[in-house]
């Protein structure tokens, strides 16, 4: 599983050979492993730790055409203090918005340590010219984003044009270098097979991704446990062979505390505890936060409060 | 201190009420043994005594076989087949309803993790009864002629590794085909079989159709050699199986099926899906503490991926959770008995003495009870005892090969032939291997998967006869 020494100068043919030389993924086996790990029972003190850790890993997200400045401000307020009734609830890791709202978010969370993530490169489809994608990314950074979530060109990937995908990621990397972390969205729902997920993960890491992210949230299925399992195996193996740690971000469709805890178990028993940290693992989610807060209150007080006791955003 | 330490998550014992003592189940009733003898069954995880169980002697065997004969002649063989099916469906449903209770009891008495008894054993037990219930009134379509007849009374002796599942493998097809049974569970794991006897009562199964005799080797010998037994079915060690074959050879009327030991090869080719192959290796040998006759105890890895597979395997083994069988997060439970633990230790020491390298992940063993850490031997050669003898414990022997032909040669170079595993992305190679491996079951890109519709059984010293599927019916029909 060793890659050519200088990954930035791989010619198209050898990149292809490398990706196709990765060990395959047996879908049945991967799904069985993910299902087995989902049956772990996380209770009491372990649950407490998991709920707080999950909250601190959230990229609190709003990515709608109808987003308003008010909505972004409200979300930032929630990011800073998720549970107004309980100041011990940890902050989330980041807020995630469209580029035109990034300046608002940046102003709201300034000085709190909460990151501002902005989607870019013609999110969610990525169907435009490289110039526009690069301009999109630098617009997000200028607006104050310190994390950029780019999408890959799935059309090119599925057509086998890995070099194009690689070059685009590398070009965006150059734009954001020094000012922002780069998260690369694979949109695994469109890649379909787990073999493709593994190849796309390696491709993104070789091209310089700081994080690999499952989905835009606009395509079904979004994040799933088997897909995340394969990505976690990829970052684990990549660190072994290349010495660089890359983060993983499942996004979309993770709504309950139970789901979130299953992902943490997956991280713990696949990539290992080095990844159990907001610097290396994130959840792209919105409604998840309230369920985590509800479970947190339940654990502390022994009672469930209705959803009306938790703020909308 | 790990960051994410799973808190204890024990399954409650409250669902199980274990009696202080159990009698023999003969002719629909629990009765003490004729000579009043009894033995204790313990939890191998804690050595706590769970219950006292009657020990059946020759007189009890005689009573049970007579009860089974009477039930065979008067009720079971004359019952319309669809009525037999109804009883089996009823038993299957009760097993599902009481699944949690049975799973907890199995883990207590056997030492296996609750995750396995809950997610593997019990669903398969119910599935075996459902599957064979369906056959009861369709036997004329099984390919054994227009109206295949039952054999009569079946004497069945089962092992301790999957107590209730092996009972299901034995009793479900026997009853579906119209036979009555006398079954002896293993002496270290009698409790779920006795609870199954209660389930027979609950299902209103006619008295004598199922009889359960608890006891050790002597009881088993009395049962299989009893002249009133028409059919002998045994699952257990090759040593005892040979003895039974000798005993039964004296009575040519007896039909015998034997499911014995194994030393299965799990063959990993260089193009295998490595992460899933590692899962398969783990599942192959550490499932049920390696107390599996079809366990993948010999790992054959193609040389070109040996380092990578071994490193991945060792990393994976470090995440195995050994401990309290009732904890829902336990992966590896207790060794079933002190005797078995001694055997595993003896063979492991022989492995070291013969020059193989022994490795176990850092793993704390509980102080009480019978425990053995997951163990991997590398540098093993075909001549080593740990590559030839069945260890029946969590001990993996790793060997390498260069060519597919060498893999086949090494895999087949064993007196056993129960199962084998092949890991490769090439469909054609799977078929090529399957045609050459002398093993009853060949798993491709998976391991230790069971289904009632799939026949199971061995080549060579792994025994003869098949259990499960259409093929398994033959063992209980006069054909």
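Quick notes
- Within region B:375-389, residues that are at positive phi have Cβ atoms under 6 Å from residues that are part of a loop (DSSP other than H, G, I, E, B) and at pLDDT below 95 in no pair, counting only partners at least 6 apart in sequence or on another chain.
- In region B:259-276, residue farthest from the other protein chains (Cβ to nearest Cβ) [restricted to those that are within 23 Å of the chain's Cα centre (by Cα) and either surrounded by fewer than 24 Cβ atoms within 10 Å (Cβ to Cβ) or not in a strand (DSSP E or B) (or both)]: B:260
- Of all residues making up region B:319-335, the number that are within 13 Å of chain A (Cβ to nearest Cβ) and either touching a strand residue (DSSP E or B) at 6+ places or on another chain (Cβ under 8 Å) or crowded, with 22+ Cβ neighbours inside 10 Å (or both): 9
- Odd one out for residue A:115 among (1) surrounded by fewer than 23 Cβ atoms within 10 Å (Cβ to Cβ); (2) out of contact with any strand residue (DSSP E or B) (no Cβ under 6 Å at 6 or more places or on another chain): (2)
- Against the criterion of being at pLDDT below 95 and over 16 Å from the mean Cα position of the chain (by Cα), residue B:147 qualifies.
Per-residue answers, yes or no, for (1) closer than 21 Å to residue B:336 by Cβ; (2) crowded, with 17+ Cβ neighbours inside 10 Å; (3) out of contact with any helix residue (DSSP H, G or I) (no Cβ under 6 Å at 6 or more places or on another chain):
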residue	(1), (2), (3)
B:358	no, no, no
B:364	yes, no, yes
B:377	no, yes, no
B:380	no, yes, no
B:392	yes, yes, yes
B:399	no, yes, yes
B:405	no, no, yes
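- Among the residues of region B:149-189, those identified as in a loop (DSSP other than H, G, I, E, B) and either within 22 Å of residue B:206 (Cα to Cα) or outside the structural domain of residue B:71 (by TED's automatic domain parsing) (or both) are B:149, B:151, B:152, B:177, B:178, B:179, B:185.
- Within region B:424-441, being within 21 Å of residue B:309 (Cα to Cα) and away from chain A (no Cβ under 14 Å) holds for one residue alone: B:433.
- Residue match in region B:165-176 (condition: buried (at least 20 other Cβ atoms within 10 Å of the Cβ) and over 30 Å from residue B:336 (Cα atoms)): yes
- Reported count of residues in region A:140-166, each being touching a residue at least 40 places away in the same chain (Cβ under 8 Å) and part of a helix (DSSP H, G or I), is 6.
- Of all residues making up region B:389-402, the number that are outside any loop (DSSP other than H, G, I, E, B) and under 18 Å from residue B:303 (Cβ atoms): 6
- Breaking point among (1) in contact (Cβ under 8 Å) with a residue 24 or more places away in the chain; (2) away from chain B (no Cβ under 14 Å); (3) not in a loop (DSSP other than H, G, I, E, B), for residue A:197: (2)
- Residue, farthest from the other protein chains (Cβ to nearest Cβ), within region B:1-34, restricted to residues that are closer than 30 Å to residue A:276 by Cβ and touching a residue at least 40 places away in the same chain (Cβ under 8 Å): B:12
- Number of the exception - residue A:88 against (1) free of Cβ contacts under 8 Å to residues at least 12 places away in the same chain; (2) surrounded by 23 or more Cβ atoms within 10 Å (Cβ to Cβ): (2)
- Residues of region A:254-268 satisfying the condition of being over 13 Å from residue A:41 (Cα atoms) and without any contact (Cβ under 8 Å) to a residue 12 or more places away in the chain: A:268
- Checked against the criterion of being in contact (Cβ under 8 Å) with a residue 12 or more places away in the chain, touching a strand residue (DSSP E or B) at 6+ places or on another chain (Cβ under 8 Å) and within 14 Å of another protein chain (Cβ to nearest Cβ), the candidates A:204, A:251, A:271, A:222 yield just one match: A:271.
- Helices (runs of 4 or more DSSP H) (entirely within region A:8-102) containing at least 3 residues that are away from chain B (no Cβ under 14 Å) and under 27 Å from residue A:258 (Cβ atoms): A:69-80
- Set side by side, the residues A:253, A:217, A:284 differ, and just one is closer than 23 Å to residue A:151 by Cα, assigned to a strand (DSSP E or B) and under 16 Å from the mean Cα position of the chain (by Cα), which is A:284.
- The set of residues in region B:363-388 being more than 22 Å from the chain's Cα centre (by Cα) and in a strand (DSSP E or B) consists of B:376, B:377, B:378.
- Among the residues of region B:143-173, those identified as within 17 Å of residue B:467 (Cβ to Cβ) and out of contact with any strand residue (DSSP E or B) (no Cβ under 8 Å at 6 or more places or on another chain) are B:143, B:161, B:162, B:163, B:164, B:165, B:168, B:172.
The values are calculated or read from the model by the stated rules, or taken from the named source; none is laboratory data. This structure is a prediction, so every number in the text was calculated from the model and none was measured. Methodologically, a virtual Cβ is constructed for each residue, glycine included, from the backbone with ideal geometry; neighbour enumeration extends over all protein chains shown.
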